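A short write-up of the structure that comes next.
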Amino acid sequence: MTPHPKIYVAGHKGMVGSAIVRQLLAQGQPAERIVTRVHAELDLTNQAAASAFFAPEKPDQVYLAAAKVDGIHVNNTYPADKFGYVYVLTPTGMAKKAVITHRFLERKMDEYEAVKAEIETLKTETGLKQ
């Protein structure tokens, strides 16, 4: 097993991502252990595409430096659109998504338990449960 982790850098062509790659290389990280993809190869806002990428690659570390850059006019015209999906990929966005998912699962488990209890009651009332 190699002592160097497999690292995926999202946004490696941008200012921050390219600085991360340079720093990793300067610290001795082998280039072949740094995984990169341009947006045309991997659209991180597409959940299926992202899952299809991460499943076989299995990076040990992920640096999310990807951003949508369109200029001042687009930023002012479509401020909400720009970061809608990309935000979810940030550590804060992922943490918030995890909290929302956890609440959703808790609610669904409660609903499941209520339906299960109702089924048991109906079985008893109809004589199906012996």
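Laboratory data are not the source of any read-out in this text; all were calculated from the coordinates shown. Since the model is a prediction, treat every value here as computed from it, not as a measurement. Please note: Cβ atoms are built from the backbone with ideal geometry, for glycine as well, and neighbour counts cover all protein chains shown.
Scanning segment 3-35 for residues that are β-branched (Val, Ile, Thr) and within 19 Å of Phe54 (Cβ to Cβ) returns Ile7, Val9, Ile20, Val21, Ile34, Val35. The set of residues in segment 11-63 that are in contact with a helix residue (DSSP H, G or I) (Cβ under 6 Å, 6 or more places away or on another chain) and on the phi > 0 side of the Ramachandran plot contains only Gly11. Among the residues that make up segment 36-50, is at least one of them surrounded by 13 or more Cβ atoms within 10 Å (Cβ to Cβ) and of a type in the set (Ser, Thr, Tyr)? So far as segment 36-50 goes, yes, one or more of its residues are surrounded by 13 or more Cβ atoms within 10 Å (Cβ to Cβ) and of a type in the set (Ser, Thr, Tyr).
In segment 1-31, which residues are in a loop (DSSP other than H, G, I, E, B) and either in contact (Cβ under 8 Å) with a residue 60 or more places away in the chain or under 18 Å from Ala67 (Cα atoms) (or both)?
Restricting attention to segment 1-31, the residues satisfying the condition of being in a loop (DSSP other than H, G, I, E, B) are 1-6, 11-14, 27-30.
Of everything in segment 1-31, those that are in a loop (DSSP other than H, G, I, E, B) and either in contact (Cβ under 8 Å) with a residue 60 or more places away in the chain or under 18 Å from Ala67 (Cα atoms) (or both) turn out to be Gly11, His12, Lys13, Gly14.
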